[in-house]
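Every read-out reported here was derived from the displayed coordinates using simple, explicitly stated rules and does not represent laboratory data. In this text the structure is predicted, and so the values were computed from the model without any measurement. Methodologically, a virtual Cβ is constructed for each residue, glycine included, from the backbone with ideal geometry; neighbour enumeration extends over all protein chains shown.
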Amino acid sequence: MIWIKNIHQLATLAGGQKGPRSKEAMSELGLIEDGSLLIEDGKIKAAGTTKELKEAYAAEVQDAEIIDGSGCLVTPGLIDPHTHVAFGGSREREFEMRLEGVSYMDIMNAGGGIHATARMTREATEEEIIEQTTSRLDSFLKHGVTTVEGKSGYGMDLETELKQLKVMKRLQGEHPIDLVPTFMGAHAVPPDYKGREDDFVDYIINEILPVVAEEKLAEFNDVFCEKDVYTPEQSERILIAGKELGLLPKIHADEIVSYGGAELAAKVGAVSAEHLLKASDEGIKALAEAGTIACLLPATALFLREEVAKGRQMIDEGVAVAISTDCNPGSSPTTSMPLVMNLACILMRMTPAEALTAATYNAACAIRREDSVGSLEVGKQADIAMWNVKNYQELQYLFGVNHLKTLWKKGVKVVGE
């Protein structure tokens, strides 16, 4: 048993509305001053003030391992609900090219971008991808992240898509981080299928999706609905086909141009719509009405030097917002969720409380894990981050710095002395 006591500020994220939180509920952090947590068998046994737990669990705390949280903020472990973490190679040269004025889509249409990573991922062995992915997951841990969603999509053929998904399945058993798999065969159109995109959509639906579902390699099905990639009609076919096989829909929507992606997410009942830099006002209203979570990626906009998504407007209009690194080799090669929270405040005008909710509870909802992680409540996993700051405001105010002191995953210390 572990007893964390004298916590300067404990943000439990408990007590809010069930399901994804929107509007004022995104500011409900379940704060406890001079807080305390009791951990048993990898789960939260109790949360309250130090005085309350000392009195209620007098016998238990006498024999517990005691951690002093004086001067610290404690939160749930952070959750990253949108990454492309399993891939081979690197694309630092493209970063330089973009700084020289070449656009992201021009690079991709010339065979770079996603296509370049697909080639490198096809050429890499499963062991090589495991080694690279493990390094990234280790970095996520060091930034306070305990659960990560990971997408395939750097294969766009049966063999490589399965290779990526099998890497994630293996690491789910070998790495402390909980890794949630998403199939994204429709990440780009392979060069061999240029001009016959519908044939590739058929290939995904008829050849890849059934194998992914049968082997239980993914929980979600994602598609890049974008001009010159997949049309809304093609995207809808792929998402509906996945739903029929038990894969929940997600969608990369309205990243480069306004293309009806947010509206499509609402129409198909997507768990989340992601990116949304160019989402229309009508699309934002549709997301709010459908209860689809907006997963926003401010580090991607920063890295591509694009205007960020309308986070403030979305929250004000009732959309539940989550945030993510979008960890990937081309447009957001970062594992720092603390930085993403900072950027959500600075660039998208979210409040510090909203940013923390978006990186914990709402992020858990975006990957259907809110019953086990995302808040520090009795019976949930003891995924706990302790920060070298006094309160949640300071965590967002002192930006660009990793303040993590200690991290527990299922009650086991994975970062810190």
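List of remarks:
- Eigen-decomposition of the gyration tensor built on the alpha-carbon atoms of the range 32-174 gives equivalent ellipsoid semi-axes of 44, 19, 11 angstrom, largest listed first.
- Extension gain, TYR193 to LYS390: 0.36 nm times the residue separation minus the Cα-Cα distance gives 65.5 nm.
- Efficiency of FRET from Cβ geometry, PHE399 and SER27, R₀ 22 Å, rounded to 0.05: 0.65
- Projecting the Cα positions of VAL180, VAL212, VAL223 onto the charge dipole of the range 162-231 (unit charges on Cβ atoms of Lys, Arg, Asp and Glu, taken about the Cα centre) puts VAL180 furthest along the positive direction.
- Order by protection proxy (mean Cβ within 10 Å, highest first), peptides 275-282, 383-390: 383-390, 275-282
- Residues with amide H under 5 Å from that of THR325, placed H, sequence gap 5 or more: HIS82
- Protection-proxy order for peptides 30-39, 256-265, each taking the mean of Cβ atoms within 10 Å per residue, highest first: 256-265, 30-39
- In nm, spacing of pseudo-spin labels at GLU317 and ASP106 (7 Å Cα→C-beta vector): 3.2
- The phi-based Karplus calculation (6.51 cos²θ - 1.76 cosθ + 1.60; θ = phi - 60°) puts the 3J(HN,Hα) values of the range 254-269 at 6, 7, 9, 9, 6, 9, x, x, 5, 4, 5, 4, 5, 4, 8, x Hz, whole numbers, x for Gly and Pro.
- Per-peptide average of other Cβ atoms within 10 Å, ordering 236-248, 142-154, 354-366 highest first: 354-366, 142-154, 236-248
- Extension gain, GLU65 back to LYS267 (0.36 nm per residue minus Cα-Cα distance, nm): 67.7 nm
- Rounded to the nearest 500, the 222 nm mean residue ellipticity of the chain from helices alone is -10500 deg cm²/dmol, with -39,500 (n - 2.57) taken per DSSP H run of at least 4 residues.
- Close amide H contacts of THR12 (hydrogens built in the peptide plane, cut-off under 5 Å, sequence separation of 5 or more or a different chain): LEU31, ILE32.
- The chain has equivalent-ellipsoid semi-axes of 36, 22, 20 Å, by the square roots of 5 times the alpha carbon gyration tensor eigenvalues, sorted largest first.
- Cα-Cα P(r), the range 100-233, percent of pairs per 5 Å interval: 2, 10, 19, 21, 19, 15, 9, 4, 1, 0
- Cα pair distances of the range 96-143 binned at 10 Å [whole percent]: 24, 31, 35, 10
- Three semi-axes of the equivalent ellipsoid, the range 219-339, Cα gyration tensor, whole Å, largest first: 21, 17, 14
- Karplus-based coupling profile of the range 21-26, in residue order and whole Hz: 9, 9, 6, 5, 5, 6, with θ = phi - 60° in 6.51 cos²θ - 1.76 cosθ + 1.60 and x standing for Gly or Pro.
- Spatially proximal aspartates and glutamates relative to LYS285 (Cα-Cα < 12 Å; intrachain offsets below 8 disregarded): GLU263, ASP316, GLU317
- Taking a ≥ b ≥ c as the square roots of the eigenvalues of the Cα gyration tensor, the range 282-385 is oblate, since a/c reaches 1.5 or more and a/b is not larger than b/c.
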